[in-house]
Amino acid sequence: MAKGRQQVRLPQQGRKTNDALKKPTDGSATEATHSGDPLSPANIQTAALQVLPLLALAALVSSVSQATLSPVYGSIPVSINHLEAITATVLLGFIARHLWRDWIGDVSIQPYLTLWAFWIPIVQMYLTPFSQNWGPVLGAVITGLVCCHTLLFGSGYAAAQALEGLDLRAQLGAIGGVAIPALVLDFLFFRPMEYGLARLVPMLWTWSDIFSPTKLLYVIACGYGLASRPKPYWLLSLGIPSLIISFMANPHFDASPRNLEVLNEGIAMSNWTVLERQWSNTGYISVVENSELSYRALRCDHSLLGGEWLLTPERKQNEGWQVSEPIYAVFSMLEAVRLIETHSPVPDNSAKALVIGLGIGTAPKALLAHGINTTIVELDPVVHKYATKYFALPTNHNAILTDAVTWVDNEVRNAVSTKYNYIIHDVFTGGAEPLALFTTEFLNSLRSLLTPEGTIAINYAGDLTAPLTTTVLHTIQKAFDNQCRIFRDAAPAPEDNSTDTSTPLPKKKGKDKGDDFLNLVLFCRNFPSDEPLTFRSPVNRDFLGSRSRAHYLLPKPEWEISLPPPPSLDGEGKGDGKGGGKADLLKKGDDGKWRKAQEESAIRHWYIMRGVLPEVVWEMW
């Protein structure tokens, strides 16, 4: 054999490479390398590119899941303890990886997370029919655990697995290597990300229907697939049937006209039809119509913003109707703000009115019909669109589509010259009143927009025996120097027979958990007087051809209630509501203090709404 082709086997102990020789024998690397130093920039970058997308997707799941549960359970019941629960779930995912590491090994769960995310819309579709039996709290908990927290738990688990390449347990100890990164990522990344997305996402689906929550569920599933390092396409392809089912048979999905057909086929047996629906910044908005009783309503999540009995040929011919009639008496009563007697009455064509909160627009329509220059402040642009399209709100008004608190503060701060003769304050959301619009600060600002002899009508819905309701009523009275009178919108109904003509459907048999929940209307004036607030007698033109206005416009003396005594409250805003305390006024920043009371109010309102519309209408959206 030629010399140059000879091969000589060297002893193993003597085969040292130059790289090996450069490494110190004590194990401390002088230069970070990808293979040698777990905390090298390359390793940290690799871990971050796996962990951060997973936790960002988990934050998005949290926001979108709440939105998709709100039409069935209401936004407030869905939010009960939500922040604490999602924080704990992500931490549990980190801990589970630590406990199960030896058992499961290095198998990645991310492909399975992707598959599960694809099927969540279908699972949720099959869970919602149980809402009537589960109720607003248990139902939201069960559905949230299955459709939201499973993904959050899996995301925390996968994130902990991705961090193992950094060998943090060797750096920080057995406990610190698990607890410290889990707490840091949970509280310094996941929680801020969830907070930001919870405010950004509603803006996105208001801007374009492409970003609706039901579509975002599939975007999230695709995101998990892209974030997964292993991509077994045979496994991921099992999610495709879910998308097909959603297009063909899921009434909650809103990607094609077929979905609306499926929805209407499902509720047709109850004589209901959804005319149009859209997600917006306050939630899921839809227009529903009952063919049997011929009335139409505007829905926001799990509550009704108002509705009208339709002017049908039969009603016009047989009953002498001239216009559509509101289904709730309170909307006609609010118009009595024009009837409050003042020293110098203002002709309608010279008057200006401000309406805070639109609903279907019953009261502002009447103001416009009387020739009053009317400005409407409404947070939700879709509510304004549907009020115009389906409830004949005239377009000859000034629409301000923004947050009322911000707008009023700006008007007062800028010292604008516009003053209003009438203000109607009618806001309601999520099964409870937005407290920011009933604080001393907001009411004082609102009062400053009235003319010296201006008047205001305020609608507040709540339990008259609850401390929160009493506090709000005292706050309103104080803001207007006790120049107010309070009326309920209907006579107390007999215990065994509901005679509230403002409720479109009879209440169901059984325990009604909203018996004490009622609409209150406060009428106040902007000038002091020793004489009680009075109303002029209405004339025919005040009724605008409406039978409901003829019956409800002038507040009935027998429906007037006295201002309840201040409740006895503890430091958390709780009390028996029996009086004996000092008047506790609602102030800016008190939302947290009354959170529990609002949650209880929203739960009671949920049961009321389930007695107004059939459960299938709420469950199928």
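The values are calculated or read from the model by the stated rules, or taken from the named source; none is laboratory data. Not measured: the values here are computed from a predicted model. Using ideal geometry, Cβ is built from the backbone for each residue, glycine included, and neighbour counts are taken over all protein chains shown.
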Report summary line: Across (1) of a type in the set (D, E, K, R); (2) touching a residue at least 60 places away in the same chain (Cβ under 8 Å); (3) within 30 Å of residue 381 (Cβ to Cβ), residue 199 clears everything bar (2)
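One line per residue, one yes/no per condition, for (1) in contact (Cβ under 8 Å) with a residue 24 or more places away in the chain; (2) of a type outside the set (Ser, Thr, Tyr); (3) assigned to a loop (DSSP other than H, G, I, E, B):
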position	(1), (2), (3)
393	yes, yes, yes
406	no, no, no
410	no, yes, no
417	no, no, yes
424	yes, yes, no
443	yes, yes, no
446	yes, yes, no
Query raised in the report: In the set 175, 220, 210, which member is touching a residue at least 12 places away in the same chain (Cβ under 8 Å) and either under 30 Å from residue 283 (Cα atoms) or surrounded by fewer than 16 Cβ atoms within 10 Å (Cβ to Cβ) (or both)?
Result: 220
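Starting from residues that are closer than 23 Å to residue 452 by Cβ and either in contact with a Leu (Cβ under 8 Å, 6 or more places away or on another chain) or not basic (Lys, Arg) (or both), keep the ones in region 350-362 and report whichever is surrounded by the most Cβ atoms within 10 Å (Cβ to Cβ).
Going through region 350-362, the residues closer than 23 Å to residue 452 by Cβ turn out to be 350-356.
Restricting the remaining residues to those that are either in contact with a Leu (Cβ under 8 Å, 6 or more places away or on another chain) or not basic (Lys, Arg) (or both) gives 350-351, 353-356.
Details: 350: 10, 351: 20, 353: 25, 354: 29, 355: 26, 356: 25.
Across region 350-362, the extreme among qualifying residues is 354.
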Query raised in the report: Do we have any residue at all in region 77-94 that's at pLDDT 90 or above, in contact with an Asp or Glu (Cβ under 8 Å, 6 or more places away or on another chain) and of a type outside the set (A, V, I, L, M, F, W, C)?
Result: yes
Query raised in the report: Do we find that residue 298 is in a helix (DSSP H, G or I) and surrounded by 15 or more Cβ atoms within 10 Å (Cβ to Cβ) in this structure?
Result: no
Requested in this report: Specify the residue that is nearest to the chain's Cα centre (by Cα); the eligible residues are those in region 144-158 that are under 17 Å from residue 84 (Cα atoms) and of a type in the set (Ser, Thr, Tyr).
Outcome: 150
Report summary line: Of (1) surrounded by fewer than 23 Cβ atoms within 10 Å (Cβ to Cβ); (2) at pLDDT 95 or above, residue 412 satisfies every one except (2)
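Does at least one position in region 312-329 carry a residue that is under 20 Å from residue 454 (Cα atoms) and small (Gly, Ala, Ser)?
Within region 312-329, the first condition is being under 20 Å from residue 454 (Cα atoms), and the residues that meet it are none.
So far as region 312-329 goes, no, none of its residues is under 20 Å from residue 454 (Cα atoms) and small (Gly, Ala, Ser).
Mind listing just one residue for me: the one in region 275-293 that is touching an Asp or Glu at 6+ places or on another chain (Cβ under 8 Å) and closer than 23 Å to residue 314 by Cα and, of those, surrounded by the most Cβ atoms within 10 Å (Cβ to Cβ)?
Filtering region 275-293 down to residues touching an Asp or Glu at 6+ places or on another chain (Cβ under 8 Å) leaves 275, 277-287.
Adding the requirement that they be closer than 23 Å to residue 314 by Cα leaves 275, 287.
Details: 275: 14, 287: 21.
Checking each candidate, the answer is 287.
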Query - Residue that is nearest to residue 519 (Cα to Cα) [pool: residues in region 318-334 that are of a type in the set (S, T, N, Q), touching a residue at least 12 places away in the same chain (Cβ under 8 Å) and surrounded by fewer than 24 Cβ atoms within 10 Å (Cβ to Cβ)] - result: 324
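Among the residues of region 270-292, are any among the hydrophobic types (A, V, I, L, M, F, W, C) and outside any strand (DSSP E or B)?
No, every residue in region 270-292 fails to be among the hydrophobic types (A, V, I, L, M, F, W, C) and outside any strand (DSSP E or B).
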Report task. Report, by residue number, each residue of region 343-373 that is closer than 20 Å to residue 326 by Cα and assigned to a strand (DSSP E or B). Result -> 355, 356
Requested in this report: Taking only region 231-259 into account, find how many residues are under 21 Å from residue 301 (Cα atoms) and outside any helix (DSSP H, G or I).
Outcome: 7
Query raised in the report: Within region 188-205, is there a residue that is in contact with a strand residue (DSSP E or B) (Cβ under 8 Å, 6 or more places away or on another chain) and crowded, with 19+ Cβ neighbours inside 10 Å?
Result: yes
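Go through 315, 277, 258 for me and flag whichever is in contact (Cβ under 8 Å) with a residue 40 or more places away in the chain and either over 27 Å from residue 198 (Cα atoms) or not assigned by TED's automatic domain parsing to the domain that holds residue 202 (or both). If you could, list the steps in order and put the result at the bottom.
Working: 315 fails: in contact (Cβ under 8 Å) with a residue 40 or more places away in the chain; 258 fails: in contact (Cβ under 8 Å) with a residue 40 or more places away in the chain.
Answer to the check: 277.
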Query - Filter pass, residue 596 being at pLDDT 90 or above, surrounded by fewer than 16 Cβ atoms within 10 Å (Cβ to Cβ) and out of contact with any Lys or Arg (no Cβ under 8 Å at 6 or more places or on another chain) - result: no
Query - Single condition residue 470 does not satisfy, out of (1) surrounded by 23 or more Cβ atoms within 10 Å (Cβ to Cβ); (2) modelled with pLDDT of 95 or more; (3) assigned to a helix (DSSP H, G or I); (4) not aliphatic (A, V, I, L, M) - result: (2)
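Go through 96, 58, 117, 85 for me and flag whichever is within 22 Å of residue 213 (Cβ to Cβ), over 15 Å from the mean Cα position of the chain (by Cα) and surrounded by fewer than 23 Cβ atoms within 10 Å (Cβ to Cβ).
Details: 96 fails: within 22 Å of residue 213 (Cβ to Cβ); 58 fails: surrounded by fewer than 23 Cβ atoms within 10 Å (Cβ to Cβ); 117 fails: surrounded by fewer than 23 Cβ atoms within 10 Å (Cβ to Cβ).
Of the residues listed, the single one that is within 22 Å of residue 213 (Cβ to Cβ), over 15 Å from the mean Cα position of the chain (by Cα) and surrounded by fewer than 23 Cβ atoms within 10 Å (Cβ to Cβ) is 85.
Could you list, in sequence order, the residues of region 518-555 that are charged (D, E, K, R), part of a loop (DSSP other than H, G, I, E, B) and at pLDDT 95 or above? Give the derivation first.
Here is the first cut: in region 518-555, the residues charged (D, E, K, R) are 525, 530-531, 536, 541-542, 547, 549.
Then drop every residue that is not part of a loop (DSSP other than H, G, I, E, B), which leaves 530-531, 536.
Hit for region 518-555 is 536, nothing else.
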